[in-house]
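A short worksheet on the structure shown next.
Where a number appears in this text, it was derived from the coordinates with a stated rule and is not lab data. Not measured: the values here are computed from a predicted model. Cβ atoms come from the backbone with ideal geometry, glycine included; neighbour counts cover every protein chain shown.
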Amino acid sequence: MTITVRSFAKINLGLRIGARREDGFHELLTVYQTIALHDMIRVSVGRGSGIEIQCSDARVPKDGSNTCYRIVEKTMRALRANGRVTVEIEKRLPVQGGLGGASANAVAALLGLERALKKSLAAEDRLRIAAEVGSDVPLFLVGGTALGVGRGEQVYPLEDLPATACVVVTPEVGVSTPNAFGEWDRRTGGAGAALAKSGAAKLTVAGASDRMVELGRELSAWLSESYSGAPRQKFRRGRAENPLLELVRAGIKNDFEEVVFPEYPELSEGKSALERAGAKYASLSGSGSALYGLFASKEAARAAAERLRKQGWAAQATVTLTRREYWKRIFD
């Protein structure tokens, strides 16, 4: 029997880069948000042994470097299961796009494998294996709105923000995350690594720590408010205001834009195009290359996507997914 799983994408509502740690990773602070754009993953288990990855996209590895391969290998070992596992990946999301495609694929493969085997890992084992496979993989075991810290693998569910219309622009260029981090380190003069080795507090890269602290305070202030309560003076929202649009307007930014936009000017142009098309907020997702814009309504998002496509951009209108919708639709 073949199990089909939707592999939903994510966007980053702000991303702060902190110190480079001794293990080579960077401290991060971000808010993850799942969206309705997705790949399709099909998992089957038959007689024999081994793992086969199938995908028509030549850019997707089929060997042990594939996230689906790695998570299947670890899950089969943890469940002490036997059989030949085939994972078919139908790519609809961009490769190296900053939408978490490969990470989402891994979790979809894990969930499909559990159903195919009729066996399940304990929740803590799922999270442990996910974190071993990739920094943002655990997010897709949570879904909805989530705070990501550490190297991004420590995920904490937040109160879901309401479904919000958005447009995702996917330029043809791919951005290498390791290269983007390398450029960030070059620009900060290695200060992050020095601080990490000296035992300084986390999130203390020179020039970035203040912004991280500010982001943390904004998040804490916003999350401590009741949607129906009187807003703090800083926010002054009306009753009809979407809390998601309010949150991103609180000054949250993606630090990767500082290093990615100068190298890929077309991405900066894409962000500006989203803003001209009516986005209330636009940003790079992850290290890119995907960009997204948040809109006041589905109608506004559809109109913007059509306008952007006429201008030559690959644009899709979609919507953010709450945690409930994420899990409702993942096997639907």
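Taking the average, over residues, of other Cβ atoms within 10 Å as the packing measure, peptides 125-135, 265-275, 34-44 rank 34-44, 125-135, 265-275 from highest down. Look at the dipole of region 1-131 built from charges on Cβ: of 36, 25, 85, the Cα furthest out on the positive end belongs to 85. Using the average count of surrounding beta-carbon atoms within 10 Å as a protection proxy, the listed peptides 178-186, 104-112, 87-95 rank, highest first, as 104-112, 87-95, 178-186. Pairs with C-alpha atoms separated by more than 20 Å, drawn from the list 91/310; 253/280; 74/118; 74/328; 74/119; 10/271, are 91/310; 74/328. Ranked by the mean number of other Cβ atoms within 10 Å of their residues, highest first, the peptides 25-31, 252-258, 295-301, 47-53 come out as 25-31, 252-258, 295-301, 47-53.
Please work out whether region 69-198 counts as rounded, prolate or oblate from its C-alpha gyration tensor, where a ≥ b ≥ c are the square roots of the eigenvalues and a/c under 1.5 means rounded, while otherwise a/b larger than b/c means prolate and anything else oblate? The shape class here is prolate.
For residue 7, what is the net charge nearby, where nearby means another residue's Cβ is under 12 Å from its Cβ and Lys, Arg count +1, Asp, Glu -1?
On the way: positive: 6, 10, 42, 91, 92, 329; negative: 39, 88, 90.
So the surrounding residues net to +3.
The stretch between residue 253 and residue 82, if pulled fully straight at 0.36 nm per residue, gains 56.9 nm over its current Cα-Cα span.
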